[in-house]
Every structure is written in structure tokens, then in C-alpha cells.
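Take a look at the structure set out below.
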Amino acid sequence: MAPHSAVSVAAADYLRSRGHSPGSGALHPTVARAFAPDSTTPPRASAQAAEPTIDTAAPPERPRARTPEAVAPAPQSYAPKRSPATSCTDEISQVEPLGLAVTYWGVGGADAEPSHDVAIRFTGSRVEVEGHASTEKVGFDRTLVVKSRPAAGGRFAATTRIQGIASGEWEVSARRIDGGADSSERQQNSVLTARTALLTYGPAVRVWSWPALVAAGAVVALIVQGFLLSRMDANVAAAVAISALSCVLGYIGAKVWYLILHRRPISTFIRAGACIQGFLLVALGTLVIGGALGGMDVGAVLDATTPGLFLGMAIGRPGCFLAGCCSGRPTRSRWGLFSSDRTLATRRIPVQLYEAAAALLIAGVALAVVLQVDLPVGGLVFLGSIAAYTLVRQGLFLFRVDAHTRRGRLTVSLICCAVLIGVLAASQVLS
């Protein structure tokens with residue numbers, strides 16, 4: 001018989017000591033077999049002598065999965081949480097360096113002509129974040145003095161730009177310190193979120209409109225030029241290619257002109273503005289030299305270029321109005337529009353739009369002359385259009401914030417008038 005388990009044998013010995021037998025009742029089969037003598041095992045001497053033995057040894061423990069020892073978490077440097085970008089604008093808004101555009105809203109005084117400047121103090125501090133140990137700027141204190149103050153009763157917004165700051169939310173305060181505001185508007189508090197400095201501008205400034213409209217104007221100018229050149233005996237592909245190169249070099253010339261005019265270092269080339277004078281000088285010079293080297297009739301090419309050139313300027317000039325450059329003076333006139341010079345947003349004379357309208361008018365007249373009039377000498381349309389545009393521009397300087405010198409405006413205006421008279425006389429004499 002196979003050996004019984006220790007528990008079954010112990011149970012059988014216990015039952016014998018109590019007088020039980022296999023036939024005394026129903027027993028579990030395993031216990032019943034334990035009553036039967038094993039043929040290979042000698043009989044016990046006495047049932048009384050056999051004390052039940054129970055194995056009390058603890059069963060072996062099952063192997064447990066080894067758990068790593070508790071280790072204190074290593075200190076981690078703070079990284080600002082940023083919401084996941086869902087569009088191209090969100091991606092751009094997270095590009096460093098970051099900045100803020102802090103704005104103070106106010107109303108012009110009771111005087112028709114303000115007697116003093118507006119002085120505003122801007123302060124701000126970053127909202128504290130637990131565990132933050134940033135070396136970036138976490139506070140600022142700046143005073144802004146606005147000289148081109150709006151006239152009586154005009155609502156205005158003065159903005160200062162803070163750059164190179166830490167990310168996150170900022171508690172900012174704008175307080176007027178020149179004493180020209182009542183107690184209800186003297187101090188203004190708000191909470192702003194740091195964004196890329198490329199997008200930190202105040203009200204009425206849409207800085208991306210300028211490159212978009214200027215690029216659209218350049219494309220339209222090339223299309224119109226190609227259409228007019230196709231009506232002449234000219235190499236259209238070569239002329240358009242030279243004109244495209246002229247646009248690129250003219251943009252560089254506009255930047256350089258701005259740096260020279262405002263005495264800025266060359267390191268600010270990318271962020272600097274652009275002047276139309278530099279663009280016209282370099283672009284037209286490139287076109288003249290390229291056309292001469294290509295064996296073209298330079299005068300005819302310039303005349304065919306003139307309508308598209310001024311049509312492109314009529315498209316691109318509103319970009320200056322929207323981007324806050326070449327701004328007009330503040331005004332109370334109903335003809336004024338709410339716009340900004342990137343510091344003060346108020347009702348202004350929209351000189352950029354007046355200049356765009358003048359360019360559109362010049363483009364229409366030049367196009368009609370090129371299509372309808374057979375001029376004896378090429379280049380007269382170009383010279384007359386440039387002189388007319390420059391004369392209008394000098395008159396509009398009177399209404400701009402940067403009015404330039406009076407003597408310079410008068411000299412340039414006289415030269416433009418002389419050129420216009422010369423063009424009209426030449427067209428009559430040579431026809």
C-alpha cells in the first residue's frame with residue numbers, strides 16, 4: 001500500500017484511541033485506508049502508546065517578487081508647463097525669447113491742445129510657481145513717456161513691450177503718474193501670459209500684415225509688368241526675372257536705408273524697418289542695369305514696369321497702417337482712424353491710406369498712358385509717375401509723426417515740380 005499522508009495517519013491513530021473502528025461509521029476513504037495495516041510496515045505495539053503527531057512546521061513560503069527599495073526622488077529642475085500647440089500660431093507663440101505687451105487705456109484731457117506729456121509706470125511680477133528656480137527675469141518696473149498725446153476727449157492706449165522674461169502668467173499694473181487722469185482710471189491691473197516677443201504688440205497693431213501685403217503687391221506688380229511687356233517686342237522672361245531680382249535687392253536696400261536714416265547698428269538688420277526710398281533706389285537701379293546688360297530698351301521696360309510698381313505700392317501701403325509704421329499725427333477729426341505707432345493707439349490721420357490711394361491713382365493714369373498713348377521717347381511715363389508720387393509723399397509728411405525737415409521737403413517738392421514740367425514739355429515737343 002502506498003504511504004499515507006502524515007495528517008491521515010495521525011487522524012487514524014487519534015480515532016483508535018477513542019475506540020473507533022473502520023466499521024463504526026462512515027469515514028473519509030483516506031482516513032479509512034489509514035486504519036488498515038500496511039503489509040510492509042510492522043504493526044504498532046499499542047494504540048495507546050501512539051500519540052498523535054501533527055506536523056506544526058510552517059509551510060515553505062512562496063517566492064515573492066522582488067520589489068525595489070524605496071528611494072527618495074531626485075530633485076528635478078522646474079520646467080514650465082506649456083499647453084500643447086494646436087495650430088501654427090500656438091507653435092509660434094512658444095518661441096523664445098518671450099515677452100509681454102502691457103497696455104494702459106485712458107482718455108485725453110479737457111484741453112484741445114495737451115500741455116504736458118503722458119507718463120505711465122508699468123510694473124509686473126511673475127505668478128509664483130512651487131519649485132520654480134528660474135534665472136530668467138521675474139519682475140519689471142518701467143516708465144513710459146508718451147509725447148504724441150491724443151487731443152481732447154480722445155480714447156488712447158499706451159503700450160510698452162517687455163522682452164526676455166520667464167514663461168507663465170504675470171500680474172501687471174499700469175499707473176498714470178503725470179496726474180492727468182481721474183482716480184477711476186489712474187491704476188489698472190491685469191493678468192497676462194508671456195508669449196513670443198514676435199507677437200507682443202499692443203492694440204491696433206497687426207505686424208504680420210505688412211510682409212503679407214508687400215509680398216502680394218510684388219506678385220501683382222510682376223504680373224502686370226509681364227502682361228504689358230508681352231504687348232511689346234521684349235524678352236518677357238528675362239525682364240520679369242530681372243525685376244524679381246530687383247525686388248529682393250530692393251528689400252535689402254530698404255532695410256539699409258532705414259538703418260542709415262535712424263542710425264541703427266547692422267546687428268538689428270532683421271528686426272529693423274524698411275523705407276520705400278531705399279527700395280525704389282535699389283530696385284529701379286538694378287532693373288536699369290540689368291536691362292541695359294540684356295540689350296533691352298530700358299525706357300520701354302521702365303514704362304511697362306510703372307503701372308505694376310504703383311499698383312503694388314497701393315496694395316502694400318495699407319500694411320504699414322495695420323503694422324503701426326509711418327503713422328499719422330493724432331487728430332480729433334472725424335476723418336481720423338483708430339491706429340497705432342506701436343506705442344500709442346488713438347485716432348490718427350491715416351496718411352498710409354492716403355498714400356496708397358495716391359499710388360493707385362498714379363497706377364491707373366500710367367496704365368492708361370502706356371496702353372493708349374504712343375510716346376516718342378521711352379521712360380517718360382516712369383519719370384512723370386515717380387515725380388508725381390514723390391511730390392504727394394512730401395505733402396503727406398506734414399501729417400505724419402516724423403514730419404522731417406521743412407527745408408528738405410521744400411527742396412524735394414521743387415525738384416519734383418520741375419521734373420513734371422519737363423516730362424510734359426518733352427512729350428509735347430517730341431510728339
For residue 193, the lone unmet condition from (1) loosely packed, with under 15 Cβ neighbours inside 10 Å; (2) in contact with a Phe, Trp or Tyr (Cβ under 6 Å, 6 or more places away or on another chain) is (2)
Among the numbered criteria (1) part of a helix (DSSP H, G or I); (2) surrounded by fewer than 23 Cβ atoms within 10 Å (Cβ to Cβ); (3) of a type in the set (S, T, N, Q), which single criterion is violated by residue 385? (2)
Over the stretch 323-336, the set of residues part of a strand (DSSP E or B) and open to solvent by 10 Å² or more (accessible area, probe 1.4 Å) is 330
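Listed here are the residues, each with its yes/no results for (1) closer than 13 Å to residue 423 by Cβ; (2) in contact with a Gly (Cβ under 7 Å, 6 or more places away or on another chain).
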position	(1), (2)
351	no, yes
360	no, no
367	no, no
372	no, no
382	yes, no
387	yes, no
Looking only at the stretch 406-431, count how many residues are open to solvent by 40 Å² or more (accessible area, probe 1.4 Å), closer than 28 Å to residue 336 by Cβ and in contact (Cβ under 8 Å) with a residue 12 or more places away in the chain. 1
List pairs: first residue in the stretch 347-360 and closer than 15 Å to residue 310 by Cβ, second residue of a type in the set (Lys, Arg) and open to solvent by less than 10 Å² (accessible area, probe 1.4 Å) anywhere in the structure, Cβ distance under 9 angstrom, at least six positions apart or on different chains. none
Residue pairs meeting the criteria (Cβ under 7 Å; at least 6 apart or on separate chains; first closer than 17 Å to residue 228 by Cβ, in the stretch 379-405; second in a helix (DSSP H, G or I) and modelled with pLDDT under 90): 380/426; 380/427
Of the residues in the stretch 217-230, those that are open to solvent by 40 Å² or more (accessible area, probe 1.4 Å) and of a type in the set (A, V, I, L, M) number 4
Quick check on residue 351: is it more than 17 Å from residue 220 (Cβ to Cβ), open to solvent by 30 Å² or more (accessible area, probe 1.4 Å) and modelled with pLDDT of 95 or more? no
Say we look at the stretch 276-304 and pick out the residues that are at negative phi and not in a helix (DSSP H, G or I); which of these is most open to solvent (accessible area, probe 1.4 Å)? 297
Kindly list the number of the only condition in (1) part of a helix (DSSP H, G or I); (2) out of contact with any Leu (no Cβ under 9 Å at 6 or more places or on another chain) that fails for residue 221. (2)
Residue under evaluation residue 273, criteria (1) under 22 Å from residue 394 (Cα atoms); (2) at pLDDT below 90; (3) part of a helix (DSSP H, G or I), criterion not met: (3)
Any chance the stretch 364-378 includes a residue that's open to solvent by 60 Å² or more (accessible area, probe 1.4 Å), of a type in the set (Gly, Ala, Ser) and touching a residue at least 24 places away in the same chain (Cβ under 8 Å)? no
Within the stretch 231-275, restricting attention to residues that are over 30 Å from the mean Cα position of the chain (by Cα) and not small (Gly, Ala, Ser), which residue is surrounded by the most Cβ atoms within 10 Å (Cβ to Cβ)? 242
Given the structure, is residue 320 assigned to a loop (DSSP other than H, G, I, E, B) and at pLDDT below 95? no
Pick out the one residue from 322, 245, 259, 337 that is within 30 Å of residue 107 (Cα to Cα), free of Cβ contacts under 8 Å to residues at least 60 places away in the same chain and not aromatic (Phe, Trp, Tyr). 337
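For the structure I just gave you, tell me whether residue 278 is in contact (Cβ under 8 Å) with a residue 60 or more places away in the chain, over 30 Å from residue 374 (Cα atoms) and in contact with a Phe, Trp or Tyr (Cβ under 6 Å, 6 or more places away or on another chain).
So residue 278 fails the test.
The values are calculated or read from the model by the stated rules, or taken from the named source; none is laboratory data. Predicted model, so just to flag it, every value in this text is computed and none were measured. Cβ atoms come from the backbone with ideal geometry, glycine included; neighbour counts cover every protein chain shown. Keep in mind that these areas ignore ligands, DNA and RNA; they rest on the heavy atoms of the full protein, side chains included. Shrake-Rupley method; radii C 1.70, N 1.55, O 1.52, S 1.80 Å.
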